[in-house]
Structure formats: C-alpha cells, structure tokens
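Engineer: Structure incoming, see below.
The values are calculated or read from the model by the stated rules, or taken from the named source; none is laboratory data. No experiment lies behind these values; they were computed from the predicted model shown. A quick note on method: Cβ atoms are made from the backbone with ideal geometry, for glycine too, and the neighbour counts reach across all protein chains shown.
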Amino acid sequence: MIDLGLDGKRAVVSGAGYIPTRAGHGRASSLRLAAAGATVACIDIDEGRARGIVAEIEAAGGQAVPIIADMTDRKQVSRALGEAVDLIGGIDVCVDIIGKASWDKVEDVTEDDWDQTLHTNLTQVFYLFQEAGRQMIRQGTGGAMVAIASVDGTAGSAYHAAYGAAKAGIISLAKTFADELGRFGVRVNAVAPGNVGTGNEDQPEGQWAVDNINPLAAPRARDIGNAVLFLCSDLSARITGQTLIVDGGVTARSMWGMKPDQVPQYRKY
C-alpha cells in the first residue's frame, strides 16, 4: 500500500459543500483527503452544505468538522481559519475550491461584473493562502496548499473574460506563493479542470473520444479530487508552483483537427 503521508494531517477545504447544480470539486476533494486519513475542516457559506459533507465523511469512517463562513470576506477568512486551528489543532493542508463564472461578450462586461468575478475567483484565494501561509509558518512544519484554477486561465476565455483572467491569476499566484513560502517547507500548486460543467459522473466507463472536445474523456469531479489529493500528498513532495491540468486532453489537441481517415491522403507529402 502506498503511503500518501496524509494520515493524521489537518486539512482545510474552503468551499467544501456540494451544490447540486455544480460539479462538486469541494465535496470530492474533502472526501478524498478524509479517506487518506486527514481530519478535514469543511468550510462553506451554507451551514447545510457544510454539515452535509461532514456527515458524508463521518459515514465513511473519516473525521471532519463544519465551519460556516463567507470566504470572500477577509475578516471571516481569518475567523474561519482560527476556528479550524482551534478545532483540529493546526493546518497542514489548505484547499481553495470557491469560484463562479459569469458570461457575456467583452464589449458588454460591466465594471461590477468584472470586479465581482475577480474578487470571487481570485482575491479570496489570496486571502485564504495568505492566512493559511501565516499559520503554516508559525507551525514550522511545512504544508501544502492547492487552488482550483481552470483551463480558461491557460488559453482564451471567450465570453467569460473576467473568469479567465481570474483563473490565470490563480496560476500566477500559486507560483508566487510557492516561490516565497518554499523556504518554510510549504508547497503551493493549482489544479486546472477542463469541461467538468455540472458534473460528468454518469459517463460510462471505458468509452473514449465520444465527443469533439475531449480526445480521451471529459473529466469528472472525482478526477479533480484525485488531482487535489496528489498535490496535497507526499507523492508530490518536490512539486510546487505548478498547475496540473485535468481536461481529458482538450488543451493537448492539434489545432488542425485532422481525423484518422484523413491520414492516407496526406502520406504522399
């Protein structure tokens, strides 16, 4: 059995609750961390969602506590992490899930839409990582932090420009925190999901390239949770400042879009 190094660790997941209309990265990440032996402080703005994921973790034999907070508010971030330290004894792992896209043509994006999208998707990550980083420095035992970015932060982000800019900011922020906090043994990375959408959990197993988007298959919440788990574990002990793309191969595709049946006609060249 492979030791992930998470048994007995103290983890915080911001945005841990499950929203049925969303993919559920917070839920998947929390369940994975708990299954690996971590005690998870499940933070959510909605009390029902926070207690719901805690109940799931406990039903599976894990340990978790709920914390209710609006993590886009700097004062509440400080208060929530203080509660986490009091309840689980410290912070070894910190995961940020919170994010939301708004859609519009670039010429129609309002100043309020821009500001709110950047605050919800990027600024709150800075609040959380700064506060968690300070705690990890005080503890003196290192740690791991992971934020959910997006493939929209690695390429164009048509019709949701602010979201793409915010996710690109997360990728940069992870590099900066990694650079500055490495001397304290703190690793900082990001996961960039592809088109998970409202969830792809019902995809049949063993079917590949079933659409024109994913060369392999569309990622699921569990795949994002596994990526988060990997970056929080000892398996990535020397990985920091990186963004792990989990997109079923979308960003690896050739721009030419050639199909297998077209190969023979190009052989003569």
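Engineer: Is at least one residue of region 93-115 at pLDDT 95 or above, of a type in the set (F, W, Y) and either within 25 Å of R22 (Cα to Cα) or out of contact with any Cys (no Cβ under 6 Å at 6 or more places or on another chain) (or both)?
Structural biologist: yes
Engineer: Moving to a separate point now. Tell me which residues, restricted to region 165-191, are surrounded by 19 or more Cβ atoms within 10 Å (Cβ to Cβ), in contact with a Gly (Cβ under 6 Å, 6 or more places away or on another chain) and over 9 Å from A149 (Cβ atoms).
Structural biologist: The answer is A178, L181, V186.
Engineer: Still on this model: Yes or no: region 115-130 includes at least one residue that is of a type outside the set (D, E) and either part of a loop (DSSP other than H, G, I, E, B) or farther than 30 Å from A161 by Cβ (or both).
Structural biologist: Step one: of region 115-130, the residues of a type outside the set (D, E) are 116-130.
Checking the rest, the ones that are also either part of a loop (DSSP other than H, G, I, E, B) or farther than 30 Å from A161 by Cβ (or both) come to none.
For region 115-130, residues of a type outside the set (D, E) and either part of a loop (DSSP other than H, G, I, E, B) or farther than 30 Å from A161 by Cβ (or both): absent.
Yes/no matrix, rows are residues, columns are (1) over 26 Å from V93 (Cβ atoms); (2) among the polar types (S, T, N, Q):
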site: G153; (1), (2): no, no
site: A158; (1), (2): yes, no
site: P204; (1), (2): yes, no
site: S233; (1), (2): no, yes
site: I239; (1), (2): no, no
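Engineer: Conditions first: (1) buried (at least 24 other Cβ atoms within 10 Å of the Cβ); (2) in a helix (DSSP H, G or I). S78 passes all but one, so which condition is the exception?
Structural biologist: Every listed condition holds for S78 apart from (1).
Engineer: Out of I19, I2, which single residue is within 29 Å of S102 (Cβ to Cβ), in contact with a helix residue (DSSP H, G or I) (Cβ under 9 Å, 6 or more places away or on another chain) and surrounded by fewer than 22 Cβ atoms within 10 Å (Cβ to Cβ)? Show your work before the answer.
Structural biologist: Details: I2 fails: within 29 Å of S102 (Cβ to Cβ).
When all the criteria are applied, what remains is I19.
Engineer: Another one. Helices (runs of 4 or more DSSP H) wholly in region 153-269 with at least 3 residues that are more than 30 Å from A11 (Cα to Cα) - which ones? I'd like the intermediate steps shown before the answer.
Structural biologist: Values: elements: 161-181, 221-232, 263-266.
Correct list: 263-266.
Let's see how each residue does on (1) assigned to a loop (DSSP other than H, G, I, E, B); (2) within 30 Å of G156 (Cα to Cα):
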residue: L31; (1), (2): no, no
residue: C42; (1), (2): no, no
residue: G48; (1), (2): no, no
residue: G52; (1), (2): no, no
residue: A55; (1), (2): no, no
residue: M71; (1), (2): yes, yes
residue: I91; (1), (2): yes, no
residue: K100; (1), (2): yes, yes
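One line per residue, one yes/no per condition, for (1) closer than 23 Å to I224 by Cβ; (2) small (G, A, S); (3) in contact with a Pro (Cβ under 9 Å, 6 or more places away or on another chain):
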| residue | (1), (2), (3) |
| --- | --- |
| T72 | yes, no, no |
| A84 | yes, yes, no |
| S102 | yes, yes, no |
| V109 | no, no, no |
| D113 | no, no, no |
| Q116 | no, no, no |
| Q124 | yes, no, no |
| E131 | no, no, no |
| G156 | yes, yes, no |
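Engineer: Consider T123 carefully, then state whether it is out of contact with any Lys or Arg (no Cβ under 7 Å at 6 or more places or on another chain), closer than 21 Å to V77 by Cβ and polar (S, T, N, Q).
Structural biologist: Working: out of contact with any Lys or Arg (no Cβ under 7 Å at 6 or more places or on another chain): yes; closer than 21 Å to V77 by Cβ: yes; polar (S, T, N, Q): yes.
So T123 fits the description; yes.
Engineer: List every residue pair whose Cβ atoms sit under 6 Å apart, with the two residues 6 or more apart in sequence or on different chains, where the first one lies in region 167-181 and is under 23 Å from A101 (Cα atoms) and touching a residue at least 24 places away in the same chain (Cβ under 8 Å) and the second, anywhere, is assigned to a helix (DSSP H, G or I) and of a type in the set (D, E, K, R).
Structural biologist: Here the result reads K167/D152, each pair linking region 167-181 to a residue that is assigned to a helix (DSSP H, G or I) and of a type in the set (D, E, K, R).
Engineer: Within region 1-58, which residues are more than 21 Å from Q124 (Cβ to Cβ), β-branched (V, I, T) and at pLDDT 95 or above?
Structural biologist: Of everything in region 1-58, those that are more than 21 Å from Q124 (Cβ to Cβ), β-branched (V, I, T) and at pLDDT 95 or above turn out to be T39, V54, I57.
Engineer: Continuing with this model, one more query. Report, by residue number, each residue of region 56-77 that is out of contact with any helix residue (DSSP H, G or I) (no Cβ under 6 Å at 6 or more places or on another chain) and small (G, A, S).
Structural biologist: Initial filter on region 56-77 (out of contact with any helix residue (DSSP H, G or I) (no Cβ under 6 Å at 6 or more places or on another chain)): 56, 58-61, 63, 73, 75-76.
Within region 56-77, A59, A60, G61 meet the criteria.
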